[in-house]
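S.K.: Let me begin by handing over the structure; questions about it come next.
Bear in mind that the values in this text are calculations on the coordinates, not laboratory data. Small disclaimer: the values here were computed from a predicted structure and weren't measured. Glycine gets a Cβ as well: all are built from the backbone with ideal geometry, and neighbour counts include every protein chain shown.
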Amino acid sequence: EEQEEGGGGERTIFVKNLSFKTTSEGLKACFSTNGWTVRSATVVQKRDPKAAGRTLSMGYGFVEFGSAAHAHDALRRMGGVRLDEHLLQLKLSSRERASGERAAAASSARRSGGKARGEGGEG
């Protein structure tokens with residue numbers, strides 16, 4: 001039933017309008033309540049320019065499910081659900097495409113000596 005090969009984007013939901021207080025663990029817990037298999041949940045973060053070694057939420061993230069069926073069901077049922085006082089906004093995502101775009105943006109930023117637009121500064 002689980003789809004291992006290809007189609008990673010079909011199993012991944014882009015989640016926006018997250019509270020800056022929401023953690024990856026909280027995001028995973030929110031989507032794990034309906035019997036869906038959640039492989040990973042990540043709140044995208046950037047370095048805090050005011051505090052070395054700390055990170056700040058970018059207000060969006062990704063939830064990867066064990067199957068496309070779980071992802072599509074979650075997409076239908078979880079849009080508008082409240083998490084940490086924010087209403088979730090969801091859409092199907094292609095993580096492969098997104099991570100490729102981030103890699104290209106990071107490469108471009110290194111060549112230009114600055115941060116590319118939308119680059120979150122992982123780490």
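S.K.: Using θ = phi - 60° and the Karplus relation 6.51 cos²θ - 1.76 cosθ + 1.60, list the HN-Hα couplings for segment 26-41 in order, rounded to whole Hz, with x at every Gly or Pro.
M.R.: x, 5, 4, 4, 4, 8, 8, 7, 10, x, 7, 8, 9, 6, 7, 9
S.K.: Report the per residue volume, in Å³, of the convex hull enclosing the C-alpha atoms of segment 11-89.
M.R.: Per-residue hull volume (Cα only) is 77 Å³.
S.K.: Same structure, new question: Report the gain in length on full extension from Thr55 to Ser94: 0.36 nm times residue separation, minus Cα-Cα distance, nm rounded to one decimal.
M.R.: 11.6 nm
S.K.: Which of the peptides 86-93, 65-72 is most tightly packed, and how do the rest follow, going by the mean number of other Cβ atoms within 10 Å of each residue?
M.R.: Going from most to least packed, we get 65-72, 86-93.
S.K.: Highest first, please rank the peptides 45-51, 33-39, 14-20 by the mean number of other Cβ atoms sitting within 10 Å of their residues.
M.R.: Ranked from most to least packed, the peptides come out as 14-20, 33-39, 45-51.
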